[in-house]
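Read-outs: derived from the displayed coordinates by stated rules, not from any lab. The model shown is predicted, which means the values in this text are computed figures rather than measured ones. Cβ: placed from backbone, ideal geometry, glycine included. Neighbour counts: every protein chain shown.
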Amino acid sequence: MGNAMFEVVADGAVLWQHTAGERGAAVAPPVFEIDGKAQRAVLRDVHEVGAPRVLSNGVREEVFEGRVAADDDVGLRIVFRSADFDPVVRFKYVLSSRRGRRLTKSGGRDAIEYLTLNWAEMQATQEVRLSEFKEAVHSFCLSENRLEERDFAGAVDAMGPILVGSG
């Protein structure tokens, strides 16, 4: 399920795969803390919701959803936006529940893993920050920061919002 830019796999370890270019990038299922318990959103019964629609700017929107395998009460919808003229795939997750469930912060902070990628095969990676304050010019500017292999080993938090990898 998907198109030339992405494929919904939902096989447990991989939720979806970015398929543009020579290599794909596998995206693991997200983890959400629901009612004090961390749940990896491994999906079952995944299906497309409606037909793909083309937005006024030529971007295609496709929606998929399924039930969380470990908790049938919780559903996850994935909304993808992609375009044939752009290798970027935008996506968002929407959680739902058949009864009153809550996202919680039992450790005092968000316990969400929204995007997990294996960057081991990438030979060049960069973090792009769209608005970083630069004291020298007393202004917010775009900045690009190269990420090295040691950054990943040390579990560096890259705030992005854009991560670029090529390999």
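Per-residue extension of 0.36 nm, minus the Cα-Cα distance of Q123 and R44, leaves a gain of 25.1 nm for this segment. Partner lysines whose Cα lies under 19 Å from the Cα of K37, excluding those fewer than 8 positions away in the same chain, are identified as K105. Spherically averaged projected area of the convex hull of Cα atoms, the chain: 12.6 nm².
Per-residue ellipticity at 222 nm from helix content only, as computed over the chain with -39500 (n - 2.57) for each DSSP H run of at least four residues, stands at -500 deg cm²/dmol. The charge dipole of the chain, taken about the Cα centre with unit charges on the Cβ atoms of Lys, Arg (+1) and Asp, Glu (-1), comes to about 620 debye, rounded to the nearest 20.
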